[in-house]
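Data block below; observations after.
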């Protein structure tokens, strides 16, 4: 049997797991098998996995043209090998076509689908190399062929929703943002040994870095994700999108507060709240035991004040077990994640329209439960990383009228206390970020006081 490169073999295995809905690609790419690859192979595995997921709609369109069959008609292993081959041939100009074809054929055999190997070879031989060019950072609104490819990279039902909610040009920009490698934002942690030295090391490794536009501890790195991730771990920096950092800042935790983080795992925002609470108390909750274990492991690396955190496993959709009220509450609600498609592109292929009926019911229940524990004079932030109004404004507006004494803080109030963030607050007082406008993940937040 011909040799299959380690990078392609691991990319193939990760894509199969992602397609089966077992995990997120970004998590699997941080796993042991990938970390043991050479730097070059890590880069290729990451490029293939994320590229196939970001452009899967266009890849499937080409696959159907080349094979005259629906991608769904192939066995999962065969479809994955074909997608990998098409992506390498059409999108990666430095990969020889022969290598992409031959290794896709061998992956098919390795997956015990030998009877399909001839077909995989024939389909990929018909695939034209190149022909897909993009200018980094450009939005191809006026290039018809490329724009059509970009629009095919998002499920049609989701694209139609964005057109209705934001307009056609904004929907095109959002689709484009979902095909691009997002910026990698780092956070200086309270336990980072030498913050200035950590930033200097990034620069010495050839990574251009700049301060974030809004978050005080944010640095945006330009180098490849794998290299920066490893260096961040070595130097005590955290990888956290700037919008995520800002959501934690909106909570307004003060030293001595009693604070509640109701959907806390894996703990990135939790660690920022812990920094702010000082000698107070932060109760961090989540329904998942596995995710809470991750939080417990990560917290000492993310904050110097991990001792202030009490970890509780609970289902926030049920009546909450606390007999006290809290000064500050963060509800980082489970959501569709449509604001993070550049970082987690598989979401758009897993999500369905029915999810946008199901999720708001869960979100409204969690928000109502949380508001019942908000102390007089306290502040609660309801946040999602979704772009969808049903999960955002509509949830808040469905719950708030029944919450005695609670109101949404106005734009003027938020701008006065957090002038840096004012450009991200709309006229109603809602915090919004979008990947196509702000260069960060799409987040929503509402700040509620009692």
Can you give the Kirkwood hydrodynamic radius for the chain, in Å, rounded to one decimal and based on Cα pairs?
-> 23.3 Å
Taking the Cβ of each residue in 75, 241, 257, 275 as the centre, tally the other Cβ atoms inside 10 Å and list the residues starting with the fewest.
-> 75, 275, 257, 241
R0 of 45 Å, Cβ-Cβ distance residue 168-residue 287: FRET efficiency to nearest 0.05 = 0.70
Just from its helices, what would the mean residue ellipticity at 222 nm be for the chain, if runs of 4 or more DSSP H residues each count -39500 (n - 2.57) and the sum is divided by every residue, rounded to the nearest 500 deg cm²/dmol?
-> -14000 deg cm²/dmol
What ranking do 193-204, 95-106 get when scored by the average of other Cβ atoms within 10 Å per residue, highest first?
-> 95-106, 193-204
Restricting the count to DSSP beta bridges whose residues both fall in the chain, what percent are antiparallel, rounded to a multiple of 5?
-> 55 percent
Take the Cβ-Cβ distance between residue 23 and residue 301 as r, set R0 to 25 Å, and report the resulting FRET efficiency rounded to the nearest 0.05.
-> 0.65
Computed Kirkwood radius, in angstrom, where 1/r is averaged over Cα pairs of segment 284-398 = 15.7 Å
Label point distance in nm, residue 68-residue 375, each placed 7 Å from Cα along Cα→Cβ | 7.2 nm
With labels modelled as points extended 7 Å from the Cα through the Cβ direction, what inter-label distance (nm, one decimal) is found for residue 426 paired with residue 211?
-> 3.0 nm
Could you tell me what fraction of 2.2 N^0.38 Å the Cα radius of gyration of segment 69-182 comes to, as a two-decimal ratio?
-> 1.24
Can you figure out the FRET efficiency of residue 354 with residue 203, using R₀ = 30 Å and their beta-carbon distance, to the nearest 0.05?
-> 0.05
For residue 402 and residue 449 in the same chain, what is the full-extension length gain: residue separation times 0.36 nm, less their Cα-Cα distance, in nm?
-> 15.5 nm
Determine by what factor the alpha-carbon radius of gyration of segment 66-118 differs from 2.2 N^0.38 Å, reporting the quotient.
-> 1.09
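Coordinate-derived values only; no laboratory data. Keep in mind it's a predicted model, so treat the numbers as computed, not measured. Glycine also receives a Cβ, built like all others from the backbone with ideal geometry; neighbour counts cover every protein chain displayed.
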